[in-house]
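Only one structure is covered here, and it is reproduced in the block below.
The values are calculated or read from the model by the stated rules, or taken from the named source; none is laboratory data. Everything numeric here is computed off the predicted structure, so don't read it as measured data. Because the Cβ atoms are built from the backbone with ideal geometry, glycine has one as well, and the counts that use them run over all protein chains shown. When the accessible area is computed, the model is the full protein with side chains, heavy atoms only, and any ligands, DNA or RNA have been set aside. Shrake-Rupley method; radii C 1.70, N 1.55, O 1.52, S 1.80 Å.
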Amino acid sequence: MFENLQDRLGSILNGLTGRGALSEADVSAALREVRRALLEADVALDVVRSFTDRVREKAVGAEILKSIKPGQMVVKIVHDELIEMLGGEGVGIDLHAPAPVVVMMVGLQGSGKTTTTAKIANRLSTREKKKVLMASLDTRRPAAQEQLRQLGAQANIDTLPIISGQSPTDIAARAVQAAKLGGHDVVILDTAGRTHIDEPLMVEMADIKKRSNPHEILLVADSLTGQDAVNLARNFDERVGITGLVLTRMDGDGRGGAALSMRAVTGKPIKLIGVGEKMSELEEFHPRRIADRILGMGDIVSLVERAAENIDAEKAAAMAAKMAKGKFDLDDLADQLRQMQKMGGMGGIMGMMPGMAGMKDKMAAAGLDDKLFGRQIAIIQSMTKAERANPDLLKHSRKKRIAAGSGTDAAAINKLLKMHRQMADMMKMMGGKGKGGMMKQMMGGLAGKMGLGGLGGMGGMPDLSNIDPRQLEALQKQAEAAGLGKPGGGMPGLGGLPGGLPGLGGAKLPGLGGGFPGLPGLPKKK
């Protein structure tokens, strides 16, 4: 979503940090470029003006121009103002009200209201252990009520029985009554949309609000619609009174202007963002983390949280035990590739690691994209069990058979085997005897640098299953203090990367699996 803006702002601010001293003219020239970058990203003009004015006011003070690293101070000011523009602290759905808490979903047709309703219900049910009832008030769109019923059946969430001929306001009243009788904690009302804002829509929303008395009114907006989404939010807020925003399709290739503008224009927090089609692909909106990603500082906290959700703890522990013995076969490699796919693929992981955001283009040029994972898994699955355990068995005739079975060629198989050999050698070094193995030394040394000495887990790494979000935020700050979170800072021991991956030269980080997906001590999947 923010890739173009990230590239533009990154190059502008890197130009500042490289200088020993800054004049007022330097700051003004950089701010002109920042202004242009934000406007190109489709951020609202009045939001851009107030943003650049606030940055200029702080950045041309005597403290900045006389400080030891003025360029970095300007980066910090831009970072702080981005967080402020996005809303300061993250705000979740407020359930502090007598049960059943009524949540009303509003928005235009096609913005993803029904799917988002099911995603929120699934999130509240699995994470908060709430009993949720969903009700479709959309009597206009064909099969809208049936769609919600099927989504409820998939996620094992209650839906209000469909009675044809009822008006939306009557359905809302029946849903609240049914939730009270059924002992539900939350009732989510999926209202009808229109292709554009009109008077009948607003009257209907106001009537539903009066009948159901919702505690939360969430506006669902498509983040790819740009400035229209900002006008939509303003209109709904004036007529119905929204309490928060949910942005869908944040995984798309839009310019991100809506996300940056809507909070500033409406004053309402962005509570959740949709990052994919699956039920689980709904995330809380954290302004600080989004600002970190935009400025290329990475987002270690979200990466660790994503790892904790997607990684099977038992598999990770078994993998760590094998690593300690220096063993690593092709089945292990396939597991690592699947775990990386679950965590968002190569691009998703790299975008969250400090100093790695600029790696995506280099990786694409080297042919290391997410499609490669699928091809490599297909190659491994085309082998026999004996071949996966002992790749030395693979002679030319067997490679031809595997190539035919996986739709690839012998060259692709040879590349995979070379990568596996490099990673297996690395595992032997990491699990080798003497002083507890290289992995333990590396992890212990990194933990010591970050002030994490003495923590459990592998060689000084913390047990991620027992870390709450506040501790994770503290860990991120410690990482930044140790030089891991600065733009272009890279990861320790990797020479600032490029070299973290086989085939890119430099130090080899085995498929990233030895780092994140392979860590023991992660909570089991729900």
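Miscellaneous remarks
- Selection from the stretch 218-228 of residues that are surrounded by fewer than 17 Cβ atoms within 10 Å (Cβ to Cβ) and charged (D, E, K, R): Asp228
- Criterion violated by Ala118 - all others in (1) crowded, with 22+ Cβ neighbours inside 10 Å; (2) under 23 Å from Asp207 (Cβ atoms) satisfied: (2)
- Positions within the stretch 383-400 being touching a helix residue (DSSP H, G or I) at 6+ places or on another chain (Cβ under 6 Å) and basic (Lys, Arg), in sequence order: Arg388, Lys399
- Output for the stretch 229-251, where each listed residue is open to solvent by 20 Å² or more (accessible area, probe 1.4 Å) and out of contact with any Gly (no Cβ under 8 Å at 6 or more places or on another chain): Asn231, Arg234, Asn235, Asp237, Glu238, Arg239, Gly241, Thr243
- Look at (1) buried (at least 22 other Cβ atoms within 10 Å of the Cβ); (2) in a helix (DSSP H, G or I); (3) modelled with pLDDT of 75 or more and you find that Gln341 fails only one, number (1).
- Residue match in the stretch 195-206 (condition: small (Gly, Ala, Ser) and either under 24 Å from Ser50 (Cα atoms) or open to solvent by less than 40 Å² (accessible area, probe 1.4 Å) (or both)): no
- Of residues in the stretch 207-217 being open to solvent by less than 20 Å² (accessible area, probe 1.4 Å) and touching a Ser or Thr at 6+ places or on another chain (Cβ under 7 Å), the one farthest from Met250 (Cα to Cα): Ile208
- Cβ pairs under 6 Å, 6+ apart, first in the stretch 115-130 and closer than 19 Å to Gly182 by Cα, second part of a loop (DSSP other than H, G, I, E, B) and open to solvent by 40 Å² or more (accessible area, probe 1.4 Å): Asn122/Met279; Leu124/Lys130; Thr126/Lys526; Lys130/Asp185
- Test result for Gln145, out of contact with any Ser or Thr (no Cβ under 7 Å at 6 or more places or on another chain) and not basic (Lys, Arg): no
- Flag if Lys428 is of a type in the set (Lys, Arg), loosely packed, with under 13 Cβ neighbours inside 10 Å and out of contact with any strand residue (DSSP E or B) (no Cβ under 8 Å at 6 or more places or on another chain): no
- The residues in the stretch 127-157 that are open to solvent by 60 Å² or more (accessible area, probe 1.4 Å) and out of contact with any strand residue (DSSP E or B) (no Cβ under 6 Å at 6 or more places or on another chain) can be counted, and the count is 15.
- Scanning the stretch 266-278 for residues that are touching a residue at least 12 places away in the same chain (Cβ under 8 Å), outside any helix (DSSP H, G or I) and open to solvent by less than 50 Å² (accessible area, probe 1.4 Å), we see that the one that is farthest from Thr243 (Cα to Cα) is Gly276.
- Arg263 being charged (D, E, K, R), modelled with pLDDT under 90 and assigned to a loop (DSSP other than H, G, I, E, B): no
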